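Shown next, in structure tokens, is the structure this report addresses.
The values are calculated or read from the model by the stated rules, or taken from the named source; none is laboratory data. These figures come from a predicted structure and were not determined experimentally. Ideal geometry is used to build each Cβ from the backbone, glycine not excepted, and the neighbour counts take in all protein chains shown. Side chains included, ligands, DNA and RNA excluded: accessible areas come from the protein's heavy atoms. Shrake-Rupley method; radii C 1.70, N 1.55, O 1.52, S 1.80 Å.
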Amino acid sequence: MKKERVLLGMSGGVDSSMSAWYLQEQGYEVVGITFNTVSPLASPGSRQFILEVKALAAGLHIEHHLIDVYDAFKKEVIDYFVDEYLRGRTPNPCIRCNETIKWKLLLEESERLKCDKISTGHYVNVVKKDGYFHILKGLDPAKDQSYFLWNLPQQTLSKCIFPLGSLHKKLIKEKAKELGFKSMANKKESMGVCFLHGQNYRSFIDEIKPDLRENLDNGEVLNSDGDKIGTHEGFPYYTIGQKRGLNLLKNHGECVAQIDAENNKLITAPKNSLFSDHLIISDYLTNNPYFLNRTQKVDVRIRGLDCVPPTPGTVELIDNQLHIHFNEPVWALTPGQSIVIYQDNIVVGGGIVDDIQFNAHIES
């Protein structure tokens, strides 16, 4: 019987590499593919990255392909990331990459290479419910990455297989050492935005836009009454709820509540006034088109890898807009960030925050 071919996205880390081993153990023929998004192909960083990935593929005895997508990645993801901050928003570049680079290309290349399935080292699972495919939270709560995959379409989800979704990271690393991949298992994990390589996003923007800080320095900080209470270093360097970096005339105890990108101004408000009990989203996706035929009780996650539990609430569709009502007010919603909706640990949809209304006040 012919083995099913699985196209596996390989980044050189322990998760994707061990996914290859687990897929082989499950009887699949694994084909590795690496998308170079690190830097221009001829740069030392990319050359080293490619050598490491190819060595791993050879050690696992799998077919491997490399595609240089750095130029497209820079245009679609890096430039988008910077441009969103220049609009006064806080972007999630992983969501952008899903639809324009990574998962788009995985699906296309799987068809070209005649692969039956596609896979990555994400700690999630796929389930089918009411005839539609959904992302299911990974078993390891410390590694669950379901928040970052809410915008995968049905065509992609129908081909996905995630071998690490029912495993804990500790077990993965122990197994890698047992198989002789000790250096890979001990390799420092990349956290946060991949192309920042641990760098602060503000420093990254300065490198991309070297004159920006000088041109925007000493912008005005206004309170909710319109009174000037200080200055700031440039609006792209701030997010909603931030206090650090505000040069206030005195300690007003206020946080950034609004970013006026057009006029390089920050509007502040007391921390306990930055709560919202509902949100309206126009840019959204639901896995099951019939899910929103009635009001649904859901759990809502407003940030990714953090220890804050999801917020219970309800969701309903009104005039083609997603209306989310939180059981308890949530703090510091931010334009540009993702809102992910769950039922029973299953991702049922998500969306991008466009505008916010702070309409709830919590007594301190």
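Tabulated data for the structure shown
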item: Whole-Hz couplings from phi, Karplus 6.51/-1.76/1.60, listed for the range 22-30; x for Gly and Pro; result: 5, 5, 4, 5, 8, x, 8, 8, 9
item: 3J(HN,Hα) from dihedral phi, the range 101-112, Karplus parametrisation 6.51/-1.76/1.60, rounded to Hz, x for glycine, proline; result: 10, 4, 6, 4, 6, 4, 5, 5, 6, 5, 6, 5
item: DSSP-defined beta bridges in the chain - what % are antiparallel, rounded to 5; result: 70 percent
item: Links that overshoot a 18 Å alpha carbon limit, given the list Lys143/Lys169; Lys143/Lys170; Lys117/Lys143; Lys137/Lys169; Lys104/Lys209; Lys3/Lys137; result: Lys117/Lys143; Lys104/Lys209; Lys3/Lys137
item: The range 282-344, accessible surface, carbon-and-sulfur percent (1.4 angstrom probe); result: 49 percent
item: Accessible area, probe 1.4 Å, largest first, for residues Tyr147, Tyr80; result: Tyr80, Tyr147
item: Rounded to whole Å, sorted largest first: equivalent-ellipsoid semi-axes of the chain, Cα gyration tensor; result: 38, 26, 17
item: Where trypsin sites (Lys or Arg not before Pro) fall in DSSP loop in the range 1-68, at most 15 other Cβ within 10 Å; result: Lys2, Lys3
item: Value of [θ]222 nm, deg cm²/dmol, for the chain, DSSP H segments ≥ 4, -39500 (n - 2.57) each, nearest 500; result: -6500 deg cm²/dmol
item: ³J(HN,Hα), Karplus 6.51/-1.76/1.60, whole Hz, each residue of the range 343-356, x for Gly, Pro; result: 9, 6, 6, 9, 6, 9, x, x, x, 10, 5, 9, 9, 10
item: Accessible solvent surface per residue of the chain, calculated while the other protein chains remain in place, 1.4 angstrom probe, Å²; result: 49 Å²
item: Rg/Rh (Cα only; Kirkwood hydrodynamic radius) as it applies to the range 20-119; result: 1.04
item: Neighbour-limited loop hits for GluC sites (Glu not before Pro), the range 232-319 (at most 13 other Cβ within 10 Å; DSSP other than H, G, I, E, B); result: Glu262
item: Lysines with Cα under 22 Å of Lys271, excluding same-chain neighbours fewer than 8 positions away; result: Lys228, Lys243, Lys250
item: The range 186-245, Rg to Rh (Cα coordinates; Rh as Kirkwood inverse mean 1/r); result: 1.11
item: Protein accessible area in the range 1-81, 1.4 Å probe - carbon and sulfur %; result: 57 percent
item: Per residue Cα convex hull volume in Å³ - calculated over the range 224-338; result: 139 Å³
item: Leu248 accessible area, assembled protein chains, probe 1.4 Å, Å²; result: 50 Å²
item: Under 16 Å from the Cα of Lys54 - aspartates and glutamates, other chains or at least 8 residues apart; result: Asp15, Glu63, Asp68
item: The range 69-123 versus the range 277-300: alpha-carbon centroid distance in Å; result: 24 Å
item: Rg/Rh (Cα only; Kirkwood hydrodynamic radius) as it applies to the range 96-175; result: 0.98
item: Low-density loop positions, chymotrypsin sites (Phe, Trp or Tyr not before Pro), the range 259-318 - DSSP coil, at most 16 other Cβ in 10 Å; result: Tyr290
